[in-house]
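Report on one structure; see the data block that follows.
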Amino acid sequence: MSVDRKTVAKIASLARISMSEEELDTMVPELNNILNWVEQLGEVDVSGVEPMTAVIPQRLRLREDEMNADPLTGGGVRDKVLANAPAAEHGFFAVPKVIE
Amino acid sequence: MRTLVHGYAAPPVAAQAITGVTPRGFTRLAWPGIALIAGCMSTYRIHGATSEWEVVIGLEVHAQVTSNAKLFSSASTAFGAEPNTQVSLIDAAMPGMLPVPNRECIRQAVRTGMAIDAQINRWSRFDRKNYFYADLPQGYQISQLYHPLVGEGSLMIEADEKAGIPEDKVIGIERIHVEQDAGKLMHDQHPTMSYVDLNRSGVALMEIVSRPDMTSPAEAGAYLRKLRAILRYVGSCDGNMEEGSMRADVNVSVRRPGEELGTRTETKNVNSVRFVMAAIEHEARRQVDVIEDGGSIVQETRLFDPGTGTTRSMRSKEDAHDYRYFPDPDLLPLELEEEFLDECRASLPELPDAKRRRYEQDLGLSPYNAAVLTAEVETARWFERLLGETAKAQDKQPADVAKQAANWLISDLFGALNKAGLELDNSPVTPEKGGELLALVGAGTISGSISKQVLETMIETGDNAAAIVDREGLKQESDTGAIEAKIDEVMAANPDKVAEYRGGKDKLFGFFVGQTMKAMQGKGNPQVVNELLKQKLG
């Protein structure tokens with residue numbers, strides 16, 4: 001598998017990363033090197049082997065349906081939530097107007 | 001080659017084997033063939049300039065899961081709070097915060113799946129759907145693309161001749177997956193800025209994806225209403241479309257009968273049954289016009305404008321749908337235990353179809369009454385309490401008073417509440433008070449027509465029936481002497497009519513009944529009045 005210049009430019013744009021022509025020149029071969037390296041894994045025959053989802057045997061844990069169970073995962077922290085916003089007004093985040 | 005590099009791996013072999021248990025105890029009543037046959041019978045057509053056109057419709061319904069806390073955080077889901085007060089550091093996508101799924105949200109989605117007779121996948125997984133938008137702080141939505149929690153199921157919509165649905169029809173449901181809702185944007189509060197409220201961000205949604213099995217706006221409307229009823233019976237979604245708890249993405253395409261499927265468009269976020277039907281009607285007509293003018297349909301996302309009843313293109317960028325899904329590395333696969341599924345199954349209530357059949361078969365109700373009483377879960381609950389109270393008050397079996405109770409609820413109570421501008425859930429007449437009233441009718445203490453008058457007073461005053469009957473002297477007169485006296489008066493006052501009746505004008509009997517009842521202020525026992533009139537006039 002390899003990617004061409006156009007694909008890399010598109011991925012960058014989807015990820016909202018600005019890339020100059022020069023940066024694309026270096027990024028395309030770099031990404032292809034990485035892809036080639038990862039692709040070596042394909043040489044291993046894994047037919048019949050279950051995909052591994054965790055390095056130690058564990059399962060997804062579920063939480064109880066409890067409101068504001070603890071300060072880290074609960075609400076009521078508007079000031080903290082808005083603290084890093086470049087702009088906030090009347091308790092809202094304020095962003096440049098986006099409208100379809 | 002396995003595609004592990006991209007993370008699109010199939011579930012483990014062992015997991016696949018246990019995937020797709022059919023929920024036991026739920027017999028599949030749907031006969032898959034029905035959908036096909038009924039599909040061919042649909043009469044809905046768009047009349048174009050060159051030919052007739054069929055419409056093919058699929059719905060993706062987003063239903064907010066009823067839960068206290070969000071899907072991956074413990075922030076509240078309550079509607080209408082101050083902006084950003086129900087946002088946790090997880091919902092605001094602060095770095096390092098990890099999602100942990102809410103058991104109740106998973107449980108409700110599984111119960112919903114069981115209610116539509118669907119395959120429940122004991123092994124499912126969360127994926128990231130990547131896009132940038134101001135209402136999505138993570139830059140991705142946690143969803144389930146490759147391995148949804150719920151697989152293939154179906155629901156049945158009932159025949160409705162008037163709406164152009166000639167017979168019952170099974171609509172396939174492809175899948176249900178759980179995902180996060182996004183925040184809310186407000187564009188009209190500031191000249192150059194949009195405001196973002198993340199209170200909804202992270203609230204659990206079920207996305208319920210139908211098969212393209214619907215062929216008319218009426219069928220789509222019936223499907224949506226039935227789905228909403230099921231969700232509300234199950235208690236997994238409140239179905240409140242005004243508050244956005246349920247909204248539909250409407251996929252529409254058109255074709256000449258018998259041809260291949262046409263290119264479809266998707267009209268996003270339509271939030272009422274009526275609007276869904278209007279959007280389909282408009283969109284199908286628009287597509288026919290485009291094709292007949294020599295154009296072709298572009299697969300695109302459109303918006304419905306409730307003001308004009310039309311749809312318009314969202315003019316999205318062409319790569320807007322390049323979501324680059326991949327399994328969320330913050331979440332292990334979701335594996336469900338048999339015990340968990342058992343509880344989900346055991347906690348399901350009797351569902352609308354089963355209830356309707358029972359009302360018809362065991363209670364002897366008419367199909368119409370059974371349908372009205374089971375359409376909304378609140379009505380069914382109210383009716384069942386009324387039935388219990390009515391049976392108790394008359395010392396009879398529920399089946400023996402079911403017709404009486406059903407007719408009274410549907411014609412008398414609904415009518416009286418409607419007149420008073422009230423609904424069943426704020427009715428001053430409780431099922432218990434209704435049962436007492438019906439017992440008075442059953443015992444012959446008051447007549448059916450007087451009971452309507454008593455009911456109106458009950459709604460106005462909140463008093464119980466017996467007190468009103470006593471106070472206003474509404475007790476039915478069954479005493480033959482008293483009734484005969486009135487009949488004699490009526491006959492004496494209308495000698496010409498008596499002669500005509502005896503001369504063979506049988507129709508006049510009704511006149512005498514009416515006059516006698518009027519003379520008795522409606523309190524005469526109709527049966528006794530009839531009998532005595534027949535004797536005296538004969």
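Summary of computed values
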read-out	value
Qualifying helices (runs of 4 or more DSSP H) (wholly inside the stretch B:444-508; at least 1 residues being within 13 Å of B:GLY522 (Cβ to Cβ) and in contact with a helix residue (DSSP H, G or I) (Cβ under 9 Å, 6 or more places away or on another chain))	B:448-461, B:465-471, B:480-493
Conditions (1) touching a residue at least 60 places away in the same chain (Cβ under 8 Å); (2) out of contact with any Lys or Arg (no Cβ under 9 Å at 6 or more places or on another chain); (3) of a type in the set (D, E, K, R); number of the one not met by B:ARG228	(1)
From B:SER73, B:SER67, residue being within 28 Å of B:PHE340 (Cβ to Cβ), touching a helix residue (DSSP H, G or I) at 6+ places or on another chain (Cβ under 7 Å), assigned to a loop (DSSP other than H, G, I, E, B) and at the interface with another protein chain (Cβ under 9 Å from one of its Cβ atoms)	B:SER67
Condition met for B:TYR131 (touching a helix residue (DSSP H, G or I) at 6+ places or on another chain (Cβ under 9 Å), of a type in the set (Phe, Trp, Tyr) and touching a residue at least 60 places away in the same chain (Cβ under 8 Å))	yes
Any hit, the stretch A:10-33, residues being within 30 Å of B:ASN102 (Cα to Cα) and at the interface with another protein chain (Cβ under 7 Å from one of its Cβ atoms)	no
Selection from the stretch A:81-100 of residues that are more than 7 Å from chain B (Cβ to nearest Cβ) and either under 30 Å from B:LEU334 (Cβ atoms) or out of contact with any strand residue (DSSP E or B) (no Cβ under 9 Å at 6 or more places or on another chain) (or both)	A:ALA83, A:ASN84
All positions within the stretch A:1-24 that are charged (D, E, K, R), more than 20 Å from B:TYR131 (Cβ to Cβ) and surrounded by 12 or more Cβ atoms within 10 Å (Cβ to Cβ)	A:ARG5, A:GLU23
Failed criterion for B:ASN84 (all others in (1) within 10 Å of chain A (Cβ to nearest Cβ); (2) assigned to a loop (DSSP other than H, G, I, E, B); (3) at pLDDT below 95 hold)	(3)
Residues that are closer than 25 Å to B:LYS536 by Cα and in contact (Cβ under 8 Å) with a residue 24 or more places away in the chain, drawn from the stretch B:451-481	B:LYS475, B:GLN476, B:GLU477, B:SER478, B:THR480
Those residues of the stretch A:44-64 which are more than 10 Å from every other protein chain (Cβ to nearest Cβ) and either surrounded by 12 or more Cβ atoms within 10 Å (Cβ to Cβ) or not aliphatic (A, V, I, L, M) (or both), in sequence order	A:PRO57
Matching residues in the stretch A:46-78 - criterion: being more than 20 Å from B:PHE126 (Cβ to Cβ) and β-branched (Val, Ile, Thr)	A:VAL46, A:VAL49, A:VAL77
For B:GLY481: the one exception among (1) surrounded by fewer than 15 Cβ atoms within 10 Å (Cβ to Cβ); (2) modelled with pLDDT under 85	(2)
Lone qualifier among B:ILE90, B:ILE46, B:ILE57 - being surrounded by 20 or more Cβ atoms within 10 Å (Cβ to Cβ) and more than 14 Å from chain A (Cβ to nearest Cβ)	B:ILE57
Looking only at the stretch B:182-207, and only at residues there that are within 21 Å of B:TYR146 (Cβ to Cβ) and buried (at least 24 other Cβ atoms within 10 Å of the Cβ), the one that is nearest to the other protein chains (Cβ to nearest Cβ)	B:ALA204
Selected residue (only one of B:GLU384, B:GLU339 is within 16 Å of B:ARG111 (Cα to Cα) and in a helix (DSSP H, G or I))	B:GLU339
Unique match (being at pLDDT below 85, exposed (fewer than 13 other Cβ atoms within 10 Å of the Cβ) and either more than 43 Å from the chain's Cα centre (by Cα) or more than 30 Å from B:ASP425 (Cα to Cα) (or both)) among B:GLN535, B:GLN527	B:GLN527
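The values are calculated or read from the model by the stated rules, or taken from the named source; none is laboratory data. Source: prediction; values computed, not measured. Glycine gets a Cβ as well: all are built from the backbone with ideal geometry, and neighbour counts include every protein chain shown.
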